[in-house]
Amino acid sequence: MLLTFILIMLLVSSLGFLARRWRPGDLNRLQEWGLAGRRFGTISSWFLLGGDIYTSYTFIAIPGLIFGQGAMGFFSTAGIIVMYPIVYLVYPRFWTVARHRGYISPVDFVRERFDSKGLALLVSITGIVATMPFLALQLYAIEVSLSYVGVPVEASLIIAFLILSAYTYTSGLRASGLTAIAKDILVFFVIISAIIVIPMKLGGFTHIFAVAPPAKILLQPQQYLAFSTLAIGTSLSLFLFPHNMTGMLCTNSRKVLQRNAALLPLYTILNIFFTLLGFAAFAAQIQPSPLFKSNAALPALFVQLLPPWFVGIAFATITIGALVPAGVMSIATANLFTRNIWSLFRPDCTDQEETNVAKTVSLLAKVGALAVVLLLPATFAANFFLLGGALIVQLVPSIVLGLYTNWFHRYALIIGWTAGVAACLLMSISQHFQQQVYTFVIGGQPYTLFIGIVGLFFNLLLVVVLTPLLTLFGVPRGRDMTSPDDYREVSRDQIASEQLRQYVPQQTFSPLSLKNETSQQGQRIVR
């Protein structure tokens, strides 16, 4: 088992280091290091987006949640199914305006759409903070896998940190893009093999569901509302995470995104298979590790029922499946910080300095994720994702709705964001971060909801109520720097003939300046 694990890890990790030569570009520019030059086509972006969306949350957290909570864990599958129609509408539209305006993150869009540096800063901070628990989930999954291979817990975290840091620092997004292809091939092989072999050894799915506790198979009436709000929260938050937005922006056309919105649901089959393996763990009567509890349901199932050589492949796949999105998460966090926070202090930084800062921040993001793993309880690993999702969903008014209207007042959006985030954090803290649903008692009846949806309700309520009031009292709205033409499809001729522009916000909105780049190019960038 250990030998197979090591061989696969060495092979795939080497791809990460060699990725700098794949579709080579100047890795001293943030557009190249952080977005791979925006040159990913349908196939490469399908693998990358699949690797970003289907992470250790699918491989470790969901089977563990099914094993611990039963049918409640199916909210993830329901949420992802609902997400893809939203992605089909939102991603191509955002890609188009980002291509016209040269944005590298949603923050750039928010700054220009609502003329607010303050709101843009809040969006940056939200993206960075919300990514930390999700990134922590990836490191936690690696910790679980390596511990089953026989590596001590502390050493496993250090190994995960070093591998991830090394190849993302040297190769940027290309590393995640290339390793995503290997990762997804391995995932399909492992899960299809497991979903065939494991039920055969357990007497088929009929027996698996016959021996599962009845309360685990179907939702109980008191769980309906929690399940629904968790599914809706997943559908509204998952595609807004910075790493998924980064994967979207690295594509070379909106048609690619539309195709992927139609093709990515193929991955949902994998999600369903992983949930079914959570039920198989009941039938196998597994004994998970006392340290990781139900979060180790899938690794324990593999060890108990599958041959050692296959288990080595499976654990290497889980580890790689965590490394790929973790790399994109740290890069996306670095992009947000460098372009929207560092630029406030160094408005005249060169391309080289900007990229070096981004690389450093990507390392610090991993350190922050390690702190989350060590400090927050992991009763259910899914809580890492749900905490981040509760925060990121508060960006729906400014990013998703902002793509279709500029009616919202910038200060209403700031106040709404503050209320939504505060509500989420208060509910989570009151439960010591151990669960991300909250029970309200109204008229003697308990109602349990996902905290992210509760926060979004207060957020939207304040935005809708305050926007007309602030307008009525003459509070300046700011000027929308985008135009209707920016949201229209870019033709292939335009893409081929126009040089991709670096984002150059006006001094009114951000102190970021790109004088160096414009002088090197010998041309004036026209707004």
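Each value in this text was obtained by applying a stated rule to the coordinates, not by laboratory testing. Here the structure is a predicted model, which means the values were calculated and not measured. For neighbour counting, all protein chains shown are included, and Cβ atoms are generated from backbone atoms with ideal geometry for every residue, glycine included.
Regarding region 383-451, what is the average projected area of its C-alpha convex hull, in nm²? Can you show the working numbers first?
Numbers: hull surface 22.6 nm².
Directional mean of the projected Cα hull area for region 383-451 stands at 5.6 nm².
For F205 paired with A371, estimate the spin-label separation in nm (one decimal), with each label point 7 Å from Cα along the Cα-to-Cβ line.
If labels sit at F205 and A371, their model points lie 4.5 nm apart.
With 30 Å as the limit, write out which pairs from K293/K366; K201/K366; K183/K359; K293/K359; K117/K255; K183/K255 have Cα-Cα distances beyond it, or answer none.
Checking Cα-Cα distances, K201/K366; K293/K359; K117/K255 exceed 30 Å.
I'd like the chymotrypsin sites (Phe, Trp or Tyr not before Pro) in region 381-439 restricted to DSSP loop residues with at most 15 other Cβ atoms within 10 Å, sorted by number.
Working: sites: F384, F385, Y404, W407, F408, Y411, W417, F433, Y438; in loops: Y404, W407, F408, F433.
For chymotrypsin sites (Phe, Trp or Tyr not before Pro) across region 381-439 that sit outside H, G, I, E and B with at most 15 neighbouring Cβ atoms in 10 Å, the list reads Y404, W407.
Run the numbers for D480 and Y447: contour at 0.36 nm per residue of separation, minus the present Cα-Cα distance, in nm. Mind showing how you got there, number by number?
Numbers: separation 33, 0.36 × 33 = 11.88 nm, distance 4.04 nm.
Length gained between D480 and Y447: 7.8 nm.
Can you run phi through the Karplus equation (6.51, -1.76, 1.60; θ = phi - 60°) for region 470-481 and list ³J(HN,Hα) in whole Hz, with x for Gly and Pro?
Rounded to whole hertz, the list is 5, 5, 4, 8, x, 5, x, 8, x, 10, 6, 7.
What distance in nm lies between label points placed 7 Å from Cα along the C-beta direction at L291 and R488?
If labels sit at L291 and R488, their model points lie 6.0 nm apart.
Between I6 and I217, what length comes free when the chain is fully extended (0.36 nm per residue of separation minus the Cα-Cα distance, one decimal in nm)? Mind dumping the intermediate values first?
Working: separation 211, 0.36 × 211 = 75.96 nm, distance 3.74 nm.
Result: 72.2 nm gained on full extension.
Based on the Cβ-Cβ distance of I81 and D348, what FRET efficiency does E = 1/(1 + (r/R0)^6) give at R0 = 35 Å, to the nearest 0.05? List each step's numbers first, then the result.
Numbers: r = 47 Å, r/R0 = 1.35.
E between I81 and D348, to the nearest 0.05, is 0.15.
Where the centre of each part is set by its Cα atoms, how far does region 424-438 sit from region 43-111, in angstrom?
23 Å
Round to the nearest 0.05 the FRET efficiency obtained for V464 and I192 when R0 = 41 Å and r is the Cβ-Cβ distance.
It comes to 0.30.
For a Förster distance of 35 Å, can you work out the FRET efficiency between the beta-carbons of L401 and S430, rounded to the nearest 0.05? Walk me through the numbers on the way to the answer.
Working: r = 29 Å, r/R0 = 0.83.
Taking R0 as 35 Å, the efficiency between L401 and S430 is 0.75.
What is the P(r) of region 2-395, as percent of Cα-Cα pairs per 10 Å bin from 0?
P(r) for region 2-395, in whole percents per bin: 5, 25, 35, 24, 9, 2, 0.
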